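The values are calculated or read from the model by the stated rules, or taken from the named source; none is laboratory data. None of these values were measured; they are calculated from a predicted model. Don't worry about glycine lacking a Cβ; one is built from the backbone with ideal geometry, like all the others, and counts go over all protein chains shown. Only protein heavy atoms, including side chains, enter the accessible area calculation; ligands, DNA and RNA are left aside. Shrake-Rupley method; radii C 1.70, N 1.55, O 1.52, S 1.80 Å.
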Amino acid sequence: MQIDTAASVNAAAGKKRNQSSFADQIKSYIRHPASGVMALLTILAAILTFALLFFLVGYILVKGIPYLSADLFRLEYTSDNLSLLPSLINTFILTIVSLAIAAPLGIFAAIYLVEYAKKGSKLVNVIRITAETLSGIPSIVYGLFGMLFFVTALHWGLSLLSGAFTLVIMILPLIMRTSEEALKAVPDSYREASFGLGAGKLRTIFTIVLPSAVPGILAGIILAVGRVIGETAALIYTAGTVAEVPGSLMGSGRTLALHMYVLSGEGLHMNQASATAVVILVFVLIINCLSGAIAKRIAKG
């Protein structure tokens, strides 16, 4: 009985504190109208963002789920089944190959910029400006460069390898910048404590700094994966649009986004294009969930 009474008293006190805090906020907004306007705009922006997200996801699911069928997941593409499975496999291959090259390069470049380079160095400034410039270049320009260099100059032809290296150039600045910010967010006290215990710089980076920065680094990798999966313009000129799984990386193949683009561009298979959009959405969600689980496990470890 006494426990129930104490709990009710604490709940009443908490409710009173919340009410007083809310009242103080209202009074503050009345005294400073600009703060109230900014708070209202922030709330409206958050509501609009969530509304657009739920609308887009709901629209894709409603338009695409009814047209998902077993024919769309056959191993061989024909004009009758319009299978997306070869494109799904090609998307997975391109994602793995491009990340296997871009992620180590981007992370090690970020480690150099944060841990080894001198602050205010002209080289560091040039690297950062170059990375920001590359991030703003349209994907069609990357596609034309990939076609001229990888496809034509290196004689790789329209292939998954040409598409993968083009994607590497596209996502490398993104991974590098996000990794750099994640490393900067790690408190210097972590490094100082490690040095105080006698650990060297390299060991401190790989045992203290990097594990602490993993969530931020994975966030950049997830963004890079999203760009790889959704890319079309750069891959038309480098990977090609063949609807099959090539025997090697030197063969041509289309991704899911290209598959959806081709189907919708023809105007005859909009239902199958909508179903492909659902698969892309599920594919991205699975990757995000796996990345989040890995980040939590590393953080706990």
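Right, Arg297: part of a helix (DSSP H, G or I) and at pLDDT below 85 or not? Spell out how you get there, then give the answer.
Values: part of a helix (DSSP H, G or I): yes; at pLDDT below 85: yes.
So Arg297 passes the test.
Here's a check for you: in the stretch 58-78, which residue that is of a type in the set (D, E, K, R) and either without any contact (Cβ under 8 Å) to a residue 24 or more places away in the chain or open to solvent by less than 60 Å² (accessible area, probe 1.4 Å) (or both) is farthest from Ile287 (Cα to Cα)?
From the stretch 58-78, those of a type in the set (D, E, K, R) are 63, 71, 74, 76; that's our starting set.
This time we only want the ones that are either without any contact (Cβ under 8 Å) to a residue 24 or more places away in the chain or open to solvent by less than 60 Å² (accessible area, probe 1.4 Å) (or both), so: 71, 74.
Working: Asp71: 24, Arg74: 23 Å.
Looking at residues that are of a type in the set (D, E, K, R) and either without any contact (Cβ under 8 Å) to a residue 24 or more places away in the chain or open to solvent by less than 60 Å² (accessible area, probe 1.4 Å) (or both), I get Asp71.
Could you tell me whether Ser212 is in contact with a Phe, Trp or Tyr (Cβ under 9 Å, 6 or more places away or on another chain), assigned to a helix (DSSP H, G or I), over 23 Å from Leu99 (Cβ atoms) and open to solvent by less than 60 Å² (accessible area, probe 1.4 Å)?
Numbers: in contact with a Phe, Trp or Tyr (Cβ under 9 Å, 6 or more places away or on another chain): yes; assigned to a helix (DSSP H, G or I): yes; over 23 Å from Leu99 (Cβ atoms): no; open to solvent by less than 60 Å² (accessible area, probe 1.4 Å): yes.
When the stated conditions are applied, Ser212 does not pass them.
Which residues, counting only those in the stretch 109-132, are in a helix (DSSP H, G or I) and open to solvent by 80 Å² or more (accessible area, probe 1.4 Å)? Before the answer, list the steps.
Step one: of the stretch 109-132, the residues in a helix (DSSP H, G or I) are 109-116, 122-132.
Residues satisfying the conditions are Tyr112, Tyr116, Lys122, Leu123, Val126, Ile129, Glu132.
Restricting to the stretch 79-108, name every residue that is crowded, with 20+ Cβ neighbours inside 10 Å, farther than 29 Å from Ala277 by Cα and among the aliphatic types (A, V, I, L, M).
Selection gives Ile107 alone.
Taking the criterion of being touching a helix residue (DSSP H, G or I) at 6+ places or on another chain (Cβ under 6 Å), more than 22 Å from Gly143 (Cβ to Cβ) and at pLDDT 90 or above, would at least one residue in the stretch 278-292 satisfy it?
There is at least one residue in the stretch 278-292 that is touching a helix residue (DSSP H, G or I) at 6+ places or on another chain (Cβ under 6 Å), more than 22 Å from Gly143 (Cβ to Cβ) and at pLDDT 90 or above.
Could we say that Thr204 is open to solvent by 30 Å² or more (accessible area, probe 1.4 Å), in a helix (DSSP H, G or I) and β-branched (Val, Ile, Thr) here?
Details: open to solvent by 30 Å² or more (accessible area, probe 1.4 Å): no; in a helix (DSSP H, G or I): yes; β-branched (Val, Ile, Thr): yes.
Spelling it out, it is not the case that Thr204 is open to solvent by 30 Å² or more (accessible area, probe 1.4 Å), in a helix (DSSP H, G or I) and β-branched (Val, Ile, Thr).
Would you check which residues across the stretch 237-262 are part of a loop (DSSP other than H, G, I, E, B) and either within 12 Å of Leu88 (Cα to Cα) or hydroxyl-bearing (Ser, Thr, Tyr) (or both) and list them? Break it down into steps so the answer makes sense when it comes.
From the stretch 237-262, those part of a loop (DSSP other than H, G, I, E, B) are 237-255; that's our starting set.
Within the stretch 237-262, Tyr237, Thr238, Thr241, Ala243, Glu244, Val245, Ser248, Ser252, Gly253, Arg254, Thr255 meet the criteria.
Please find, within the stretch 32-57, the residue that is modelled with the lowest pLDDT out of those that are surrounded by 11 or more Cβ atoms within 10 Å (Cβ to Cβ) and farther than 30 Å from Val282 by Cα. Explain how you work it out, then say what you get.
Quick first cut of the stretch 32-57, residues surrounded by 11 or more Cβ atoms within 10 Å (Cβ to Cβ) only: 32, 35-40, 56-57.
The next check asks that each one be farther than 30 Å from Val282 by Cα; those that pass are 32, 35-40.
Working: His32: 66, Ser35: 69, Gly36: 70, Val37: 77, Met38: 78, Ala39: 76, Leu40: 82.
So, considering only residues that are surrounded by 11 or more Cβ atoms within 10 Å (Cβ to Cβ) and farther than 30 Å from Val282 by Cα, the one modelled with the lowest pLDDT is His32.
Could you run through the stretch 173-201 and say how many residues are in a helix (DSSP H, G or I) and open to solvent by 50 Å² or more (accessible area, probe 1.4 Å)? Spell out the reasoning first.
Step one: list which residues in the stretch 173-201 are in a helix (DSSP H, G or I), which gives 173-184, 188-196, 201.
Add one more test, that the residue is open to solvent by 50 Å² or more (accessible area, probe 1.4 Å), and what stays is 177, 181, 184, 188-190, 192-193, 195-196, 201.
Residues in the stretch 173-201 being in a helix (DSSP H, G or I) and open to solvent by 50 Å² or more (accessible area, probe 1.4 Å): 11 in total.
Would you please name the residue that is nearest to Gly253 (Cα to Cα), looking only at residues in the stretch 134-172 that are touching a residue at least 40 places away in the same chain (Cβ under 8 Å) and outside any helix (DSSP H, G or I)?
Narrowing the stretch 134-172 to residues touching a residue at least 40 places away in the same chain (Cβ under 8 Å): 135, 138-140, 142-144, 146-147, 150-151, 156-168, 170-172.
Now drop any that are not outside any helix (DSSP H, G or I), which leaves 138, 156-159.
On the way: Pro138: 22, Trp156: 13, Gly157: 12, Leu158: 8, Ser159: 7 Å.
So, considering only residues that are touching a residue at least 40 places away in the same chain (Cβ under 8 Å) and outside any helix (DSSP H, G or I), the one nearest to Gly253 (Cα to Cα) is Ser159.
Which one of these does Gly265 not meet: (1) part of a loop (DSSP other than H, G, I, E, B); (2) among the small types (Gly, Ala, Ser); (3) open to solvent by 10 Å² or more (accessible area, probe 1.4 Å)?
Gly265 satisfies all of (1) part of a loop (DSSP other than H, G, I, E, B); (2) among the small types (Gly, Ala, Ser); (3) open to solvent by 10 Å² or more (accessible area, probe 1.4 Å) except (1).
Pairs needed: first member in the stretch 82-107, farther than 18 Å from Ile169 by Cβ; second member anywhere, crowded, with 21+ Cβ neighbours inside 10 Å and basic (Lys, Arg); C-beta distance under 7 Å; at least 6 residues apart or different chains.
Once the first residue is farther than 18 Å from Ile169 by Cβ and sits in the stretch 82-107, its partners that are crowded, with 21+ Cβ neighbours inside 10 Å and basic (Lys, Arg) give Ser87/Arg254; Asn90/Arg254.
Residues are listed down the side, and each one gets a yes or a no for (1) open to solvent by less than 40 Å² (accessible area, probe 1.4 Å); (2) of a type in the set (A, V, I, L, M, F, W, C); (3) over 30 Å from Phe145 (Cα atoms):
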residue: Ile229; (1), (2), (3): yes, yes, no
residue: Met260; (1), (2), (3): no, yes, no
residue: Val278; (1), (2), (3): yes, yes, yes
residue: Phe283; (1), (2), (3): yes, yes, no
residue: Leu290; (1), (2), (3): no, yes, yes
